[in-house]
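The values are calculated or read from the model by the stated rules, or taken from the named source; none is laboratory data. Note that the structure is predicted; figures quoted are calculated from it, not measured. Reconstructed Cβ throughout: ideal geometry from the backbone, glycine too, with neighbour counts over all protein chains shown. Keep in mind that these areas ignore ligands, DNA and RNA; they rest on the heavy atoms of the full protein, side chains included. Shrake-Rupley method; radii C 1.70, N 1.55, O 1.52, S 1.80 Å.
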Amino acid sequence: MTVELHVAEGWLTVCELSDLTPGRGVAVLLPDGSQAAVFIGRSGGMYAIDNRDPFTGAAVLSRGLVGCIDGKPFVASPLLKQRFDLATGRCLDDEEAAVRTYPVRTAVTSVAVA
């Protein structure tokens, strides 16, 4: 199975589902040159957000610590520790900050048999 993000061009295959480890992120390069951080939560939910930390400008959110507060999964930036809701992109520590979210899904890949 593959993981796909919905971007301006449509659904884009970004990695294999087996590349994701619950509680850890993976950075993927998008066609426009930006990056997304893709996560699979410990409960199995998949999330994709902008990988760029809006406070520092560094593309590091995929390397952040994943947690849960009040049943909502978040990632904490590895630099300044601000937490971002993985479902909405909203910063839990600063109402004025947020990151973009991407629709994400799994797709079955077909294997050609020769």
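Output the number of the condition that I40 fails; it satisfies all remaining conditions of (1) closer than 18 Å to G67 by Cβ; (2) open to solvent by 40 Å² or more (accessible area, probe 1.4 Å); (3) under 12 Å from the mean Cα position of the chain (by Cα).
I40 satisfies all of (1) closer than 18 Å to G67 by Cβ; (2) open to solvent by 40 Å² or more (accessible area, probe 1.4 Å); (3) under 12 Å from the mean Cα position of the chain (by Cα) except (2).
So which residues in the range 74-90 are of a type outside the set (A, V, I, L, M, F, W, C), at negative phi and open to solvent by 30 Å² or more (accessible area, probe 1.4 Å), if there are any at all? Spell out how you get there, then give the answer.
Taking the range 74-90 and keeping what is of a type outside the set (A, V, I, L, M, F, W, C), we get 77-78, 81-83, 85, 88-90.
Now restrict to residues that are at negative phi: 77-78, 82-83, 85, 88, 90.
Of everything in the range 74-90, those that are of a type outside the set (A, V, I, L, M, F, W, C), at negative phi and open to solvent by 30 Å² or more (accessible area, probe 1.4 Å) turn out to be P78, Q82, R83, T88, R90.
Can you name the residue in the range 4-16 that is out of contact with any Asp or Glu (no Cβ under 8 Å at 6 or more places or on another chain) and open to solvent by less than 50 Å² (accessible area, probe 1.4 Å) and, of all such residues, is nearest to I49 (Cα to Cα)?
The qualifying residue nearest to I49 (Cα to Cα) is L5.
Please list, ordered by first then second residue, the pairs with beta carbon atoms under 7 Å, 6 or more apart or interchain, first in the range 73-96 and under 16 Å from A59 (Cβ atoms), second acidic (D, E) and open to solvent by 30 Å² or more (accessible area, probe 1.4 Å).
If the second residue must be acidic (D, E) and open to solvent by 30 Å² or more (accessible area, probe 1.4 Å), the pairs left are Q82/D93; Q82/D94.
Mind checking which residues of the range 51-72 are of a type in the set (D, E, K, R) and free of Cβ contacts under 8 Å to residues at least 24 places away in the same chain? Quick ask: steps written out before the conclusion?
Going residue by residue through the range 51-72, those that are of a type in the set (D, E, K, R) are 52-53, 63, 70, 72.
Once the filter is applied, which keeps residues that are of a type in the set (D, E, K, R) and free of Cβ contacts under 8 Å to residues at least 24 places away in the same chain, the range 51-72 yields D70, K72.
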